[in-house]
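Here the structure comes first, spelled out in structure tokens, and everything after it is commentary.
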Amino acid sequence: MNITIRRIQESDYQHLFSLIMELAVFEKQPEKVTNSAELMRIEKNYINGFVAVNNDNEIVGYATCFFAYFTWIGKSLYMDDLYVKQAFRSNGIGSKLINSVIDFAKKENCKKVRWQVSKWNTPAIEFYKSLGAIIDDVESNCDLMLNK
């Protein structure tokens, strides 16, 4: 299988949003998604990341990220999502996507890449550990929704 990794483009938003919904269903939280392809177009200056495209020009996975500043470390990159469609998993696509994020962070002189993983997602945890990621149980997410 030939997969191309490239930066997310505005023309990807509709298909990308369908993958975002697939991820939300996989995480058993589709009701929490308030985004849309239309909102993505409005907020396009904040969308950063990569898509995995197969021979049929179908987007089969994606990784989104944004710059962050952690006071203890400095400039960093936060990977918000990493998702590969079920039918395309175990083909190295997730590795290609996360390595694209890591390479981008290095190119941008970031000090680290940070992301989250659900405690129940054992395959992802093992995958991240194989990359050398440190997964701790020290902190929990705190979300304050501003637009209800």
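Laid out as a table, the results:
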item: Candidates 138, 117 - the one that is assigned to a loop (DSSP other than H, G, I, E, B) and either surrounded by 11 or more Cβ atoms within 10 Å (Cβ to Cβ) or of a type in the set (Phe, Trp, Tyr) (or both); result: 117
item: Filter pass, residue 2 being out of contact with any Cys (no Cβ under 8 Å at 6 or more places or on another chain), modelled with pLDDT under 95 and at positive phi; result: no
item: Qualifying residue in the stretch 7-22 (condition: surrounded by 14 or more Cβ atoms within 10 Å (Cβ to Cβ), under 16 Å from the mean Cα position of the chain (by Cα), of a type in the set (Phe, Trp, Tyr) and within 20 Å of residue 127 (Cα to Cα)); result: no
item: Options 24, 37; residue that is among the small types (Gly, Ala, Ser) and within 17 Å of residue 82 (Cβ to Cβ); result: 24
item: Verdict on residue 74 being closer than 18 Å to residue 110 by Cβ, small (Gly, Ala, Ser) and more than 17 Å from the chain's Cα centre (by Cα); result: yes
item: Test result for residue 76, assigned to a loop (DSSP other than H, G, I, E, B), of a type in the set (Ser, Thr, Tyr) and over 21 Å from residue 9 (Cα atoms); result: no
item: Any hit, the stretch 29-50, residues being buried (at least 18 other Cβ atoms within 10 Å of the Cβ), part of a strand (DSSP E or B) and either touching a helix residue (DSSP H, G or I) at 6+ places or on another chain (Cβ under 6 Å) or basic (Lys, Arg) (or both); result: yes
item: Near pairs, Cβ below 6 angstrom, 6+ apart or cross-chain, from the stretch 98-110 (among the small types (Gly, Ala, Ser)) to any residue that is surrounded by 15 or more Cβ atoms within 10 Å (Cβ to Cβ) and at pLDDT 95 or above; result: 100/5; 100/50; 105/77; 105/113
item: Residue ID - surrounded by the fewest Cβ atoms within 10 Å (Cβ to Cβ), chosen from residues in the stretch 120-135 that are on the phi < 0 side of the Ramachandran plot and either assigned to a loop (DSSP other than H, G, I, E, B) or among the small types (Gly, Ala, Ser) (or both); result: 134
item: Only one of 78, 83 that is in contact with an Asp or Glu (Cβ under 8 Å, 6 or more places away or on another chain), under 19 Å from residue 117 (Cα atoms) and surrounded by 15 or more Cβ atoms within 10 Å (Cβ to Cβ); result: 83
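This table checks each residue for (1) β-branched (Val, Ile, Thr); (2) in contact (Cβ under 8 Å) with a residue 24 or more places away in the chain; (3) over 24 Å from residue 46 (Cβ atoms).
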position: 61; (1), (2), (3): no, yes, no
position: 64; (1), (2), (3): yes, yes, no
position: 69; (1), (2), (3): no, no, no
position: 74; (1), (2), (3): no, yes, no
position: 83; (1), (2), (3): no, yes, no
position: 94; (1), (2), (3): no, yes, no
position: 112; (1), (2), (3): no, yes, no
position: 120; (1), (2), (3): no, no, yes
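The values are calculated or read from the model by the stated rules, or taken from the named source; none is laboratory data. This one's a predicted model, so the numbers in the text were calculated from it and none came from an experiment. All Cβ positions, even for glycine, are placed from backbone atoms using ideal geometry, and neighbour counts span all protein chains on display.
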